[in-house]
Structures are given as structure tokens and as C-alpha cells.
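The values are calculated or read from the model by the stated rules, or taken from the named source; none is laboratory data. Please read these numbers as outputs of a predicted model, since none were measured by experiment. Keep in mind that these areas ignore ligands, DNA and RNA; they rest on the heavy atoms of the full protein, side chains included. Shrake-Rupley method; radii C 1.70, N 1.55, O 1.52, S 1.80 Å.
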Amino acid sequence: MSSKVKSIITTLIILGAALFFGFILGCARPPISGEQSSGRSAYLNNCGVCHRRPKPDSNTDEQWRKIMREHEDKASLDKNILKQVSDYLQAGN
């Protein structure tokens, strides 16, 4: 095999590895903070009791704000818990 072919193969392997790891790292979510952890806990413990639990990335920030405003009267949760859930959901999209 010529050195030019070896060079091309090496370049393709490096590019393939870079694309693979770039894809994997790009899909990884950053770890959630302590504050978001509280929101996640409240979300897991309360949302889904009356309805199917939506995924955090299923709505935009504005949609989540509207949904959470609609749930202020429906959910028997204090405003602090609702805010934690709202912040968690918005951070997840």
C-alpha cells in the first residue's frame, strides 16, 4: 500500500472518530444543578399523577411558562415548588 493511501485512510479514521465523539458529546446533557435537582424531584413526584408526564424537551420555554401558569390553580403545590418544576422543565429543552 502506498504512503498516500495510508495517509488517506488515517485521515478518514481520524475524521470518523472525531465525528463519532462529537456526536456523542453533543447529545449528552449537562449535569443538572442542585436547584434543578429539586425541580426534577418535584416533577417526578407530582407531574404525572393526573396526566402523562411530558418530556422537558417537548415544549419551548414560553410554552412551559404558559402550561405552568395553567397548573397554578389545578395543582395543589405551592408557588415555590411550581417555580422549581418550571425552571427544571425550561432547563431541559
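Straight-line reach only, C-alpha to C-alpha below 22 angstrom: list the lysines that Lys66 could link to, leaving out same-chain residues fewer than 8 apart.
Answer for Lys66, where 22 Å is the Cα cut-off: Lys55, Lys74, Lys79, Lys83, listed by chain and number.
Not counting ligands, DNA or RNA, and with a 1.4 Å probe, what is Asp57's accessible surface area in Å² rounded to the nearest 10?
90
Step through the residues of the range 3-14 one at a time and calculate ³J(HN,Hα) from phi using the Karplus curve (6.51 cos²θ - 1.76 cosθ + 1.60, θ = phi - 60°), rounding each to whole Hz and writing x for Gly and Pro.
Coupling constants for the range 3-14: 5, 5, 5, 4, 5, 5, 4, 4, 4, 5, 5, 5 Hz.
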